[in-house]
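The values are calculated or read from the model by the stated rules, or taken from the named source; none is laboratory data. This one's a predicted model, so the numbers in the text were calculated from it and none came from an experiment. No Cβ is skipped: glycine too gets one built from the backbone with ideal geometry, and neighbour counts run over all protein chains shown. Accessible surface areas use protein heavy atoms only, side chains included; no ligands, DNA or RNA. Shrake-Rupley method; radii C 1.70, N 1.55, O 1.52, S 1.80 Å.
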Amino acid sequence: MHSRKLSFTTPILLSFTGIFLCLAVIAALVTLSQRKDITDNYHKVNQTFTHNIAVNYTEAVFQENDYILNQAAAYFSRYNRLDNAVNLASPEGLQSLMQLLRLMPSVSSISLADPQGHYLRAPAVFASEESQRYDAKTRPWFVHQAEATAFSQYTGVYDDYFTHHPTVTVYKPVVSPEGTLKGTLAFHLDLASISHGLRTMQSPMQGEFFVVDRSGRVMLHPDTGVLFAPFSQQSRMKEMNSGEGMFHDTQRNSWLYYSSLTIPDWFAIYIVPGNTLENLLRDETLVVVWGFGAAALIVLLFGLYLRYASRTVLMNILNAIKTGDVQQTPKLEAMLSKAIATNKEREQAWVRQATMDALTNCKNRRAFDNDIAALMNNHQPFALAMVDIDNFKSINDTWGHLSGDIVLRNVAREGLQVLQPKHISLYRYGGEEFAVIFPQQNLPEARQMLEQWRMQVASRDWREEGLFVTFSGGLGEWRMESLEQLVSGVDAALYQAKQQGKNQIVLRNESLSSRSSTSL
Ligand code: GH3
Ligand code: MG
Ligand code: MG
């Protein structure tokens, strides 16, 4: 029987499951908080990138143009410089505009117009029929008297009259120091060339970045083919109501970061697919998961080791209890052979008990049956003697049952003294009858031993006064007949001995005359 109460396995298993669970909870918490930190960091990096496109790139380009626009407008506001340049068509006017143009790679052409709509354009346009019909007053950049302010302004996207390309223009009224409107100076921006600059920018993760105007049309894009088209999430423009921000588009699973420019009223936008962000996150989380897995494996190994070690210590303790030797390291083999030997001894004791007669110390009837059956099965020759104590009933009656037992024990002891040194077994056959099996013995030898026993019993002194004990016996060789025939043959000899006066041994089929000894 094996009790669970004696097993270390369950408590160790429970303890290590506890440790394991703690590890799992810690790992889960670390992973979750780390995920949040990493996600926040990525958003911050992307937001900064968007801010850089808006402020450090786009606005920087525009500020440069704005500075030159202001300086040039101030120049043309003095004296009749604007009027001269536009109306006298002097080469100096065009020349100074071309000088300006060369300063600004992001400007494709410059227009200078007086309040009446007369204009000068650099580079100059061919005097064709179309150019004859051109009226500067219809252009979105043209400043009428009442609209004049001190600031430069941006037009929306419109088609250039001469190039037919979509164009955005930054313009400024030219106002004299006295306050009269002298005309308008306009820089037509080359958005494609500004866009080329975006190509050199490296985004922190794979995604699309560009600049849109308030209505959501793409103004700057590394891919100039999509310029002026509405961008894919135009409907979300309404939500971009703060300087900077981000939102998640659940439908397309993408993140959108935006950052507004001050002038013009445009937005830099950076769209990152949700998958890209998740893949990066997964990679970073995986490191934690692997770490946890390795820790869990180590915990498991230690758990197994503890289980093994606790068993070994228990075995040592057990062995020390058995041997009383604390120093000796138990060897499994030694313990095993000891256990086997002990077991064998115990088994032999049981067998002895089961085959011994407690009163007389002879073998019992069961042992007799087994031993004689074994000899017969093996066809080994032997002789059998049956011995019966004479007048035992009257011994019992005269001296009591207890004395009868003592007589039985002492008769047996005398017999054992004679037979045991020759390795011959004495059996208590039943009551006050004994049996002797003489294997390999010839009859005279057997008879001689029986006689020795008989005489020792007959000549023995007993404590009880007037007590004499004798026995009679029958002896015969086995003649390959059945056990019953053999026993009844020997019994007949015993009966004959009783008939002839007891205290004698009679051979089976012996004549009446062959008395072995004189009676008492
Ligand atoms: P005989 O000489 O013809 O053998 O006479 P007997 O008195 O021995 O005859 P019997 O065999 O009839 O008597 C045997 C008696 O032995 C009967 C029984 O009371 C007694 N007896 C049998 N077993 C024991 C025992 O274990 N202890 C004692 N004290 N007496 C026993
Ligand atoms: Mg009897
Ligand atoms: Mg008897």
Added length on full extension, which subtracts the Cα-Cα distance from 0.36 nm per residue, Gln95 to Phe162: 22.1 nm
Extension reserve of the Ile298-Ala124 stretch, reckoned as 0.36 nm per residue once the Cα distance is removed: 54.5 nm
The stretch 206-228 and the stretch 387-423: distance between their alpha carbon centers, rounded to Å: 128 Å
Listed pairs Lys137/Lys238; Lys338/Lys363; Lys344/Lys422; Lys393/Lys502 exceeding 22 Å between Cα atoms: Lys137/Lys238; Lys338/Lys363; Lys344/Lys422
Extent along principal axes [Cα atoms of the stretch 349-486; Å; largest to smallest]: 48, 36, 28
Cβ-Cβ FRET estimate between Gln499 and Met455, R0 fixed at 22 Å, reported to 0.05: 0.60
Contour minus Cα-Cα distance for Thr355 and Ala320 (0.36 nm per residue): 9.0 nm
D (Stokes-Einstein, µm²/s), Kirkwood Cα radius, the stretch 1-114, 0.692 mPa s at 37 °C: 154 µm²/s
Whole-number D in µm²/s for the stretch 430-514 (Stokes-Einstein; Kirkwood sum over Cα pairs; 37 °C, 0.692 mPa s): 238 µm²/s
Portion, in percent, of the accessible area of the stretch 416-458 that falls on carbon or sulfur, probe 1.4 Å: 52 percent
Environment charge of Thr224, counting only residues whose C-beta is closer than 15 Å and scoring Lys/Arg +1, Asp/Glu -1: -1
Accessible heavy-atom area order of Trp350, Trp255, Trp478, Trp453, highest first, probe of 1.4 Å: Trp350, Trp255, Trp478, Trp453
Convex hull of the stretch 230-335 built on C-alpha atoms - directionally averaged projected area, nm²: 13.4 nm²
Heavy-atom accessible surface of the stretch 130-171: percent carbon and sulfur, 1.4 Å: 51 percent
Paramagnetic label zone (point 7 Å from Cα along Cα-to-C-beta, Thr250; backbone N under 20 Å) in the stretch 207-233: 233
Between 0 and 90°, nearest 10: helix 9-51 axis offset from the chain longest Cα axis: 10 degrees
C-alpha center-to-center spacing [the stretch 129-152, the stretch 57-103] in angstrom: 16 Å
Principal axis dimensions, the chain - Cα atoms, whole angstrom, descending: 186, 43, 35
Percent accessible area from carbon and sulfur atoms, the stretch 312-385, protein chains only, probe 1.4 Å: 58 percent
Under DSSP loop assignment and at most 15 Cβ neighbours within 10 Å, longest GluC sites (Glu not before Pro)-free interval of the chain: 179-463
Computed over the chain: relative contact order in percent, which uses C-alpha pairs under 8 Å that are six or more apart: 10 percent
For the stretch 158-202 versus the stretch 303-327, the gap between their alpha-carbon centres in whole angstrom: 93 Å
Total formal charge among the other residues, if their Cβ is under 11 angstrom from that of Thr184, Lys/Arg +1 and Asp/Glu -1: +2
Helix axis angle, 274-323 relative to the chain longest principal axis, alpha carbon, degrees: 20 degrees
Within the stretch 255-351, trypsin sites (Lys or Arg not before Pro) in DSSP loop having at most 12 other beta-carbon neighbours inside 10 Å: Lys331
Sites Leu306 and Met335, calculated FRET efficiency, Cβ-Cβ separation with R0 25 Å, nearest 0.05: 0.65
With DNA, RNA and ligands ignored, accessible area of Met376 (1.4 Å probe; Å², nearest 10): 30 Å²
DSSP beta bridge pairing in the chain, given as percent antiparallel to the nearest 5: 95 percent
Accessible area per residue in Å² at 1.4 Å probe, computed on the chain: 56 Å²
Debye intensity ratio in log₁₀ form over the Cα atoms of the stretch 172-251, taken at each q of 0.11, 0.13 Å⁻¹: -0.46, -0.59
Cα long-axis angle, helix 332-355 against the chain (0 to 90 degrees, to the nearest 10): 30 degrees
Size of charge dipole - the chain - debye, nearest 20, with Cβ of Lys, Arg +1 and Asp, Glu -1, no other charges: 1640 debye
